[in-house]
Structure formats: structure tokens, C-alpha cells
Amino acid sequence: MINQYEKGLPYVGVAFDFLRDPLTMMRTMNRRGDKLLTFKFFGAPSFMATHPDSVREVLVTKARFFRKADVEMELMGRFMGKGLVTNNDQPFHKQQRKLAQPAFHMQRIASYADVIVEYTQSMLDQWSVGEVRDIRREMVELTMFVVSKTLFDADRDSMSDSAREIGEAIESFQDVTDSSFGLPIPIPTWLPTKRNRTFKKSKAFVDATLLEIIQERRESGEDKGDLLSMLLAAQDEQGGGMDDAQLLDEVITLFAAGHETTSNALMWTWYLLSQHPDVMQKLRDEVSTVLIGRNPTLADLRDLPYVEMVIKEAMRIYPPVYALNGRLANEDVDILGEHVPEGSYVLVSPYGLQHDPRYFPNPDRFDPERFNVQNEATIPKYAYIPFGAGPRVCIGNSFAMMEAQLILATMAQQIKLEIIPEQTIDFLTQITLSNKTGMHMRVMDKRQKADPVLDKVMAY
């Protein structure tokens, strides 16, 4: 049975409610639907998959019947072109994903573990006890340097200015896109608004910078062991590869997605740890006991289960992608026996699902133990989808988890962070979930060598 969400205005439906407070709306609506909820949104027939079974059908078993929402892809495509995130041609997307997949095999991404730790340590070396750091900005910069190295083999010093400018361009893109999301007609780029002028300038810089890197690498033919080398070498069954235009779109997509989601996940992780000193202490006990003062390696992650549990629980409460791109039905389709007409908009919200007490009792409580081996096995599949699911699941999900775990383990062994009293939490709900005022925190403890005994004393 399809539940009907009755609230909203004539024709407009819940559009303005979503624009005002999308997180509250997604939580509320997810709880109103048994398995599928229908609602009004600017007159269009709209549905929300509110149960793991309906999510599975939309994203996995019947994914071929759906495409990403055209308006959303047009907006995001202004910056990302036709990369993996915005490519709405299913056969072409399948081909591109097949070409890019080898770059994300575990053996390949494992080679970057030492770089992640090295860059994290370099960041920590610049911090002092008592100073206030914007952890949002610090995590953005750190993950930008990591993605620059792994994508282009660009060292932090040589790429620092360009990486920051590309990062600023991505923020500009999110700002422009956010101003049009949820509107029945997107704001055209030809309007000479301040946002549009900034966006066009940023887009031109990003295209020119990255295209120059691509062309130089193609001409040299050098394999530097980075993701770009893998993409350049990739060939389909006919022996063809990507042209410069498609490579540019994929590189922009990987750069944007490769740092924005991970940096937000880490920012929210540190915020939650600052609010839960018991969890922070348990985390430090684990890393101190396992690492005994040295920095982590990839091999250490199997002995640091609580690090992974903390990150998974932080992404449950604050999923970096709080709503997946909406899906449009390519034709009439049944979802769990219910009729969904051609052209219908279907929403899947990780935030809504992951705050539903049917799947996560007391959903606002930060409890990493939800993800211990025994408890995680009881979570319904597709109730927890921070990386999406199905043929459009995030291609870099394994890399992102490895990166987040290594960064958190490196940091947690050496520092404690305390949120400053003046810091406010005001959600910034763009394509990803961030905080409007950053995340300003004070460095309260900093040690080069972990001391498990001292850790226990300081907990009291």
C-alpha cells in the first residue's frame, strides 16, 4: 500500500517545506511511509522510497527503469559535464564505469595509504595546543591534497595553490547549484548574477588547469601510478579509450567527489567525538594500544575496528550525501506491486532512512556499537546507504573509507579537539551536508607519542 503525504500547498505541494528544511522533511516523510510514500512537488507525481525493500527495487533490481532526474543532472552537469555522477545515458555510463573501475581496485588504492598518513601528519605538525582550527577547512584542504596526489601524482607543495583554487571553484559550483535545486525551472547561467559570474570564472579556471594536466600526461605517455594514468590507459572492447573532453569530465567528477564527501564525513565525526568524550576515549584507547605511538599503515586497519565503527556511525547520523539524486521512471513500473507511472520522480534519502527508528532505535544517539560485527548484521540491507547502492553506487567508496579511517586513526592518537562555545550548528544542505559556519574547534591535547596509561588518567 502506498501512503499519501497530505501536507503541503495546492500544486506546489511540499516544495517550499523541502527548501526551508530538507533534513526535517526527509525524516518526517520517511517515517510516514510504510514502504512507499507519494507526495506533491510542483504538480509532478512524486514518490519516496521509505523502506529497504523499495530502495532495493529503485536502486538495484529495477534500476534500468529509472534515470537520474533530468533537471538535477543538467544543473550538476554545468560543472561536471558527463562524468560518472551526471552521465544519464545508461549504456554510456556502464561503459565509462567499466573503463574507470580498474583505477579503484583495492590493490591500486592501497598504494596511497602511506600518502594519506604522511599528509595527515604534515597537517598535525602545524598545530599547537590551545589554538582554534576550522576543522571543516582543515579536512577540505587535507583531502584536496590527497586527491591531487592520487589523481594526478601532484605533490602538495607543487599543487597547493591550484588545489585550493579548484576547491574554491567546487564551493562556487555548489552555491550556484544549491540556489536552483528544488525550483521548477533552474536559474539560467546566462543571467549576469554575481553567483553566475563567479561560477563561469571558476569553471574556466578548472577546465584550463585540468585539461593542461591531461594533455601533458597524454603527450608524455608516462605512467605515474596515479588514477589519471589508469584512466588514460583504459580501453573498451574495441580498443578505444576516452577523449580529452570525457577525461576532463571524469577528472573533475573524481576531484569534486573525492574530497568533498570525505572531508564532510570527517568534520562531522570530530564534531560528534567532541560531544561524546566516552567514545573519544575508547577510540584513543584502541589506536594507542594498537599503534603504540607510530602512525598507522593499511595493514593496521583490520586491528582498528572501532575506528571504522565510529566513521560508519558518524556517516549514519550525518551522511555526506543526505539525499541521492532523484530518479525519474523511464516507463510505467511496479515497485513492490505498486504502480509508479512513467515520468514519476522517486526520492531516496540516506538521511531519512538512517534516522528511521524502524531500522535504528533511538536514531539521534551517537552509538558506534551499532556497527560492531553482531549488531551490523541485524541492520537491514539498504537501510544504511551512505554511498548509494546498485549500478550507480559510489565508485570510490572503498577508497573513501580507507582514507577516512587512516586520517582518523592518525589524528586520534595525537590530539583531542573541543568545540568552542561560540560555534553554532546550522546545516548547509547543498549537494553534500556541511555546516554554514565551518567547524571551529580548539586543540586540547597534542602528543607525538601515544601513552595509553596517560590517556586513561586524562579521561577522569
**Request:** Evaluate the distance, in nm, between pseudo-label points positioned 7 Å from the Cα of residue 238 and of residue 444 along their respective Cα→Cβ axes.
**Result:** 6.1
**Message:** Using 0.36 nm times the number of residues separating residue 44 and residue 376, minus their current alpha carbon distance, what extension gain do you get?
**Reply:** 115.8 nm
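Is the chain best put as rounded, prolate or oblate by its Cα gyration tensor, with a ≥ b ≥ c the root eigenvalues, rounded for a/c under 1.5, and otherwise prolate when a/b is larger than b/c, oblate when not? Don't skip to the end; give the middle numbers.
Working: a/c = 1.59, a/b = 1.18, b/c = 1.35.
Oblate, since a/c reaches 1.5 and b/c is not below a/b.
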**Fill in**
Label model pair residue 165, residue 32: point-to-point distance (7 angstrom along the Cα→beta-carbon line) in nm is 4.8
**Request:** Determine the sum of side-chain charges near residue 297: Lys and Arg each +1, Asp and Glu each -1, restricted to other residues whose C-beta is under 13 angstrom from that of residue 297.
**Result:** -2
**Request:** Kindly identify segment 359-428 as rounded, prolate or oblate by the Cα gyration tensor criterion: order the square roots of the eigenvalues as a ≥ b ≥ c, call it rounded if a/c is under 1.5, otherwise compare a/b with b/c, prolate if a/b is larger, else oblate.
**Result:** prolate
**Asked** Taking Cα centroids, how far is segment 102-157 from segment 336-399 in Å?
**Response** 28
**Request:** Can you find, among 51, 306, 234, the residue farthest towards the positive end of the dipole of the chain? Put +1 on the C-beta of Lys and Arg, -1 on that of Asp and Glu.
**Result:** 51
**Prompt:** For the chain, which whole-number percentage of the solvent-accessible area (1.4 Å probe, protein heavy atoms only) is attributable to carbon and sulfur atoms?
**Reply:** 53
**Request:** Mind ranking 249, 114, 175 by accessible surface for me, highest first, 1.4 Å probe?
**Result:** 114, 175, 249
**Prompt:** When ranked by the protection proxy of mean other Cβ atoms within 10 Å per residue, highest first, what sequence do the peptides 12-20, 231-239 form?
**Reply:** 12-20, 231-239
**Prompt:** Averaged per residue, what accessible surface does the chain expose to a 1.4 Å probe, in Å²?
**Reply:** 43
**Asked** Can you give me the relative contact order of the chain as a percent, contacts being Cα pairs under 8 Å and 6 or more apart?
**Response** 24
**Message:** With +1 on the Cβ of every Lys and Arg and -1 on the Cβ of every Asp and Glu, and nothing else charged, how large is the dipole of segment 330-460 about its Cα centre, in debye rounded to the nearest 20?
**Reply:** 780
**Fill in**
A chain fully extended from residue 194 to residue 107 at 0.36 nm per residue, minus the present Cα-Cα distance, gains in nm 26.8 nm
**Net charge, residue 136 excluded, C-beta distance under 13 Å - Lys, Arg +1, Asp, Glu -1** = -3
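The values are calculated or read from the model by the stated rules, or taken from the named source; none is laboratory data. Bear in mind the structure is a predicted one, so any value in this text is a computation, not a measurement. We place every Cβ from the backbone using ideal geometry, glycine too, and count neighbours over all the protein chains shown. The accessibility values were calculated without ligands, DNA or RNA, using every heavy atom of the protein model including side chains. Shrake-Rupley method; radii C 1.70, N 1.55, O 1.52, S 1.80 Å.
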